[in-house]
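Structure, as structure tokens:
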There are 2 protein chains.
Amino acid sequence: AALETVRSMNDRGIETRRPIEVVNWTNEEGPRFPPSMLGSGVFAGAFERDFAYAIRDAEGLRFGDELERIGYRGDIPCRPRPLAGYLELHVEQGPALISEGIQIGIVEGIRGITWLRITMKGVRDHAGPTPMHMRKDALVGAARAISAIRDIPGKLDPDLVTTVGELSVSPGAINVIPDRVTFSVDFRHRGEAVLARAHDAVIEAAEAAASAEGLEIEVDPLGGSTPVAFDPGVTGAIERACSEGGYSSLRLWSAAGHDARYAADLCPSAMIFAPSVNGKSHAEDELTTWEDAARGCEVLAGALLTLANRS
Amino acid sequence: AALETVRSMNDRGIETRRPIEVVNWTNEEGPRFPPSMLGSGVFAGAFERDFAYAIRDAEGLRFGDELERIGYRGDIPCRPRPLAGYLELHVEQGPALISEGIQIGIVEGIRGITWLRITMKGVRDHAGPTPMHMRKDALVGAARAISAIRDIPGKLDPDLVTTVGELSVSPGAINVIPDRVTFSVDFRHRGEAVLARAHDAVIEAAEAAASAEGLEIEVDPLGGSTPVAFDPGVTGAIERACSEGGYSSLRLWSAAGHDARYAADLCPSAMIFAPSVNGKSHAEDELTTWEDAARGCEVLAGALLTLANRS
């Protein structure tokens with residue numbers, strides 16, 4: 001969409017007061033090399049470049065080496081510099097627009113995200129002769145923690161979401177009591193106070209589950225990002241572009257992380273959402289129609305022109 | 001121990017009324033090619049040979065092909081034939097002997113074992129924008145099932161044991177709601193009625209957990225074995241050998257599966273247990289002292305001589 005917008009401007013001979021740059025951030029997703037939004041985070045000064053290069057994946061490969069290997073370790077310095085504004089078009093990845101039949105989402109901010117890795121250690125033993133009361137089963141502890149973590153939003157705040165997406169069991173044999181289970185926790189909310197309470201609640205739930213089963217527990221922070229409210233001037237420019245295009249719009253907060261999170265630390269920023277069919281993403285059947293993508297692109301171009309021509 | 005016993009008999013020129021055979025059964029453990037005790041099961045007629053050869057591991061390799069590859073697919077027919085008796089020496093793998101300071105276990109039977117594989121299917125989606133009430137999280141369903149399965153013995157029978165040893169999550173990314181989780185269930189008891197009730201309880205617990213999360217569920221039987229009581233004549237021979245050696249002994253039932261389970265379908269059988277330090281097994285720190293191993297071997301030899309000289 002960014003390329004198309006700039007190409008269209010060039011085709012029509014449109015010149016702007018400020019230059020426009022197109023960026024494709026490295027490692028936005030992050031599961032292989034956590035934390036996510038690593039490229040934009042380094043650009044915005046949230047992470048040191050050498051911290052990023054040194055991150056290792058599950059096989060021990062370094063992020064910097066892998067960038068080099070695929071030819072993506074460029075020579076232009078990745079560090080903060082003055083920017084007049086930042087816009088990002090994305091699919092919503094949630095059900096708000098599609099369920100209300102709205103064409104464009106005007107994103108007013110991004111919820112904070114916390115990632116943890118929790119490891120529970122018990123005692124490996126034979127699944128037959130070991131009496132139930134003598135067991136320290138790491139998978140039972142993890143299961144009880146996961147169940148409790150699922151229930152935290154209902155108790156704490158209806159806008160909080162909690163997810164356990166990764167889990168590995170060792171040794172992982174049908175007739176052996178597991179002695180080690182590691183799982184991830186992802187939780188998100190727009191308020192820092194709720195995030196802090198969720199953090200405590202997740203750790204309390206995991207500790208209680210571990211303690212009931214006699215397990216040791218280790219909690220490792222895997223990064224995340226604090227909530228950010230976007231710039232009213234930029235969301236206003238998006239709203240104007242929607243009106244000009246005749247598109248219905250809804251103001252909302254993103255629950256997914258985006259590079260705009262870090263751009264907002266540097267300059268006035270905001271995001272535009274196009275609807276996701278069935279509200280789905282991170283799944284093979286995720287879909288945004290070409291019509292919705294084109295509308296998003298048009299709103300991006302309109303808002304971009306406003307921002308790039310500001311004095 | 002079996003080789004040592006026969007070598008010692010040969011060294012001393014001892015001849016027996018009946019011939020003695022030493023056997024090393026294939027695939028006793030079974031996690032790669034379930035069900036366990038496959039070699040003895042085929043020998044005893046519990047499984048067809050072609051059923052065994054056709055079993056595939058997680059990578060799709062066939063058991064028969066793998067036997068061929070490692071040179072273990074011999075040409076002596078593996079099928080039932082008349083036997084006068086069967087003895088098996090094993091480490092206890094549990095805490096009964098070590099905790100009472102007893103030297104030899106006389107095994108009176110083997111508990112029945114059931115193995116299941118349960119798959120829960122939900123909906124893959126983004127861990128951020130998907131509201132908690134719209135989720136169908138396969139890992140949450142599995143976690144609740146595992147927790148409930150752990151509690152079944154306390155409700156049903158104190159001698160029942162239940163274990164979930166294997167679990168895999170798909171897609172397994174920190175920021176994606178899992179849509180598919182597969183886990184194993186292993187449960188054991190000496191009574192067939194309790195095993196049947198445990199089977200129902202496991203499936204009810206899994207179905208309830210799946211239904212609460214809106215998941216589909218699939219339960220696949222992975223085999224197992226019915227309980228068996230050993231032959232009093234053979235346990236008597238073991239007891240006599242203990243008395244002759246001056247060793248303390250305890251009569252008990254095995255909760256671990258053993259090839260003697262299938263041998264008992266063919267002929268009078270029983271087992272001898274040596275103590276396991278800390279009652280541990282299927283773990284790196286499992287240990288049986290050389291002194292205990294030697295005592296077990298001596299009792300094996302004594303009982304074997306009794307059986308092999310019977311008219």
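Tabulated values for the structure
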{"quantity": "Label point 7 Å beyond Cα along the C-beta direction, distances from B:ALA84 to other copies (nm, shortest first)", "calculated": "10.2"}
{"quantity": "Hits among lysines - C-alpha to C-alpha of B:LYS136 under 30 Å, sequence gap 8 or more where chains match", "calculated": "A:LYS121, A:LYS136, A:LYS155, A:LYS280, B:LYS121, B:LYS155"}
{"quantity": "Fewest-first sequence of B:VAL140, B:VAL277, A:VAL42 by Cβ atoms within 10 Å of each Cβ", "calculated": "B:VAL277, A:VAL42, B:VAL140"}
{"quantity": "Unit charges on C-beta of K, R, D, E only; dipole of the protein assembly as shown, Debye", "calculated": "120"}
{"quantity": "Charge dipole magnitude, Cβ of K and R +1, D and E -1 - region B:128-254, Cα centre, debye nearest 20", "calculated": "280"}
{"quantity": "Gyration tensor verdict on region A:112-225 (Cα atoms; rounded if a/c is under 1.5, prolate if a/b is larger than b/c, oblate otherwise)", "calculated": "prolate"}
{"quantity": "Cα gyration tensor category, rounded, prolate or oblate, for region A:7-60 with a/c compared to 1.5", "calculated": "prolate"}
{"quantity": "Rough spin-label spacing in nm, given labels placed 7 Å along Cα→Cβ, for B:VAL22 and B:GLU218", "calculated": "4.5"}
{"quantity": "Number of partner chain Cβ atoms within 10 Å, mean per residue of A:5-11", "calculated": "0"}
{"quantity": "Sites A:ILE14 and A:ASP75, calculated FRET efficiency, Cβ-Cβ separation with R0 30 Å, nearest 0.05", "calculated": "0.45"}
{"quantity": "The protein assembly as shown: antiparallel DSSP beta bridges as a percent of all, rounded to 5", "calculated": "75"}
{"quantity": "Listed residues A:ILE272, A:ALA208, A:ALA173: farthest to the positive end of the dipole of region A:172-308 (Cβ charges)", "calculated": "A:ILE272"}
{"quantity": "Residue order, fewest to most beta carbons within 10 Å, for B:LEU89, A:LEU61", "calculated": "A:LEU61, B:LEU89"}
{"quantity": "Assigned charges on the beta-carbon of Lys, Arg, Asp, Glu; region A:129-177 dipole about Cα centre (debye)", "calculated": "280"}
{"quantity": "Nearest-ten-degree value, helix B:138-156 long axis tilted from longest Cα axis of chain B", "calculated": "50"}
{"quantity": "Choice from B:ASN27, B:ASN175, B:ASN278 with maximal GNM fluctuation in chain B (Cα, 10 Å cutoff)", "calculated": "B:ASN175"}
{"quantity": "Share of pairwise Cα separations in the protein assembly as shown, more than 46 Å, in percent", "calculated": "35"}
{"quantity": "Over chain A: helical MRE at 222 nm, DSSP H runs n ≥ 4 each giving -39500 (n - 2.57), nearest 500", "calculated": "-11000 deg cm²/dmol"}
{"quantity": "Top positive-direction residue, dipole computed over region B:8-114 with Cβ charges, set B:TYR72, B:GLY109, B:ILE14", "calculated": "B:ILE14"}
{"quantity": "Closest approach to the B/A rotation axis among chain B Cβ atoms, residue and whole-Å value", "calculated": "B:ALA143, 2"}
{"quantity": "Label distances, nm, B:LEU3 versus same residue in remaining copies, Cβ-directed 7 Å point", "calculated": "6.6"}
{"quantity": "Given chain B, longest segment not containing exposed loop GluC sites (Glu not before Pro) (DSSP; at most 13 other Cβ within 10 Å)", "calculated": "B:60-283"}
{"quantity": "Built amide H within the under 5 Å cut-off of B:VAL176, gap 5+", "calculated": "B:ALA127"}
{"quantity": "Rounded to whole Hz, the Karplus (6.51, -1.76, 1.60) HN-Hα couplings of region A:119-127, x for glycine and proline", "calculated": "10, 10, 10, x, 10, 5, 7, 6, 5"}
{"quantity": "Other copies of B:ASP50: label-to-label distances in nm, shortest first, labels 7 Å along the beta-carbon direction", "calculated": "6.8"}
{"quantity": "Folded to 0 to 90 degrees: helix A:192-212 orientation relative to chain A principal axis, Cα", "calculated": "20"}
{"quantity": "Nonlocal amide H pairs with B:VAL91, under 5 Å, H built at 1.01 Å", "calculated": "B:ALA274"}
{"quantity": "Cα long-axis angle, helix B:2-11 against chain B (0 to 90 degrees, to the nearest 10)", "calculated": "10"}
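None of the figures in this text is laboratory data; all of them are computed from the coordinates on show. All values derive from a computational prediction rather than experimental measurement. Here Cβ is always computed from backbone atoms with ideal geometry, including for glycine, and neighbour counts include all displayed protein chains.
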